[in-house]
Amino acid sequence: MLLTADERDHRDTQYQECVPHKVPGGYIGMITMYLPLTQTLNLRLAASRDGRRWWFPDRRPCFDNAPLGDYGGGMIWQSQYPIVENNRLYIYYGGTEGPHRQISDSRAPSKQIGYLENVIDHGAHFLPFNSALCRVSWRYDRLYALASAAGGPTIGTAVTKPQSLDGKKLSLNLLTRPPKKSDKPHFDEGYVQVELLDAQDKPLPGFTRGECTPLNGDHQALPVKWTGGDMAPSTAKKAKFYLKRAFLYGFEFTE
C-alpha cells in the first residue's frame with residue numbers, strides 16, 4: 001500500500017495510480033485521482049524521500065479538469081512515464097470530453113443514496129470515451145515551493161535538519177512578490193533572509209538574519225551573502241529561512 005484516502009479526503013475519493021519520477025533528494029509522483037461524485041479524473045502531485053512513504057504538498061489538483069465538453073473536461077488519463085526536457089516536466093494524457101459515467105439523466109432509473117439525493121442506477125454501463133491525446137507541462141525546478149502559511153506581511157520560518165555546513169556556500173531558487181503600489185518605496189516588497197545556526201540552534205556571529213542581505217526577485221541559483229562572508233563557518237549546522245511574500249522553490253549547499 002502506497003496511498004489511501006484519509007480523514008482529509010472525501011469518503012468516495014479513489015487513488016487510481018502513482019507514476020513516480022526520481023529527483024534529487026527523493027521522488028515526485030503524479031497521482032491520478034478518481035472522483036465518483038463528479039465521475040471525473042484529475043492529477044495531484046505527491047512527494048517522497050524513499051519512494052514508499054508519500055505526502056501531498058497540496059491537496060488541490062495540480063492539473064484540474066477543463067469544462068465538460070473540452071478535452072480533459074471529464075477524465076485525464078496520464079501516461080506511464082513523465083518526460084523531462086529543457087527544464088520542463090511533461091505529462092502526456094488522454095483527455096476525454098465527457099465523464100466516466102453519466103450522472104444526470106431524467107429518463108434513467110435512479111435510486112436514493114441519501115436524503116433528497118438520487119443517482120442513476122446504470123449498473124455497469126459506460127459512456128463512450130471521446131478523447132484526444134494531449135500534453136501538459138510544468139517548470140521542472142519549480143513544482144512546489146515553501147511559503148508563509150498566512151501570506152501577506154506575515155513572516156514564515158523554516159529550519160533545515162542538522163548537517164555539516166563547514167566551508168559550503170548556499171544558493172536559492174526563489175521568487176518574491178514585487179512592492180505594492182504605495183507612496184512608501186519598497187512597501188511590502190517580498191524577500192528571503194537566511195541565518196546560520198550552531199548545534200544548539202544559536203545564530204552564528206556574522207551569519208545572523210540581520211547580517212544577511214535581503215534576497216528578492218526571480219532567480220534560479222542566487223548566492224546568499226552575509227557580513228561574515230558567503231562561506232559557512234565550521235560551527236554551522238543548520239540554516240534558518242525567513243520568508244515574506246516569497247516562494248522558496250529550492251536551496252543547495254555546495255563546496
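Each reported figure results from applying straightforward, stated rules to the coordinates on display, with no laboratory input. Just so it is clear, the model here is predicted, and its values are computed rather than measured. A quick note on method: Cβ atoms are made from the backbone with ideal geometry, for glycine too, and the neighbour counts reach across all protein chains shown.
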All aspartates and glutamates inside 12 Å of K169 as judged from Cα atoms, apart from same-chain residues fewer than 8 positions distant: D230, E252, E255
Taking a ≥ b ≥ c as the square roots of the Cα gyration tensor eigenvalues, with a/c under 1.5 meaning rounded and otherwise prolate when a/b beats b/c, else oblate, which class fits the stretch 1-82? oblate
Give me the one-decimal nm value for the distance between modelled label points at H10 and A150, 7 Å along each residue's Cα-to-Cβ direction. 3.3
What nm distance separates the two modelled labels at Q163 and K181, each placed 7 Å from Cα along Cα→Cβ? 4.4
Compute the distance in nm between two label points, each set 7 Å from the Cα along the Cα-to-Cβ direction, one at W55 and one at D70. 3.3
Using alpha-carbon pairs under 8 Å, 6+ residues apart, how would you state the relative contact order of the stretch 156-254 in percent? 47
Longest exposed-loop-site-free stretch of the chain, with chymotrypsin sites (Phe, Trp or Tyr not before Pro), DSSP loop and at most 12 other Cβ within 10 Å? 1-114
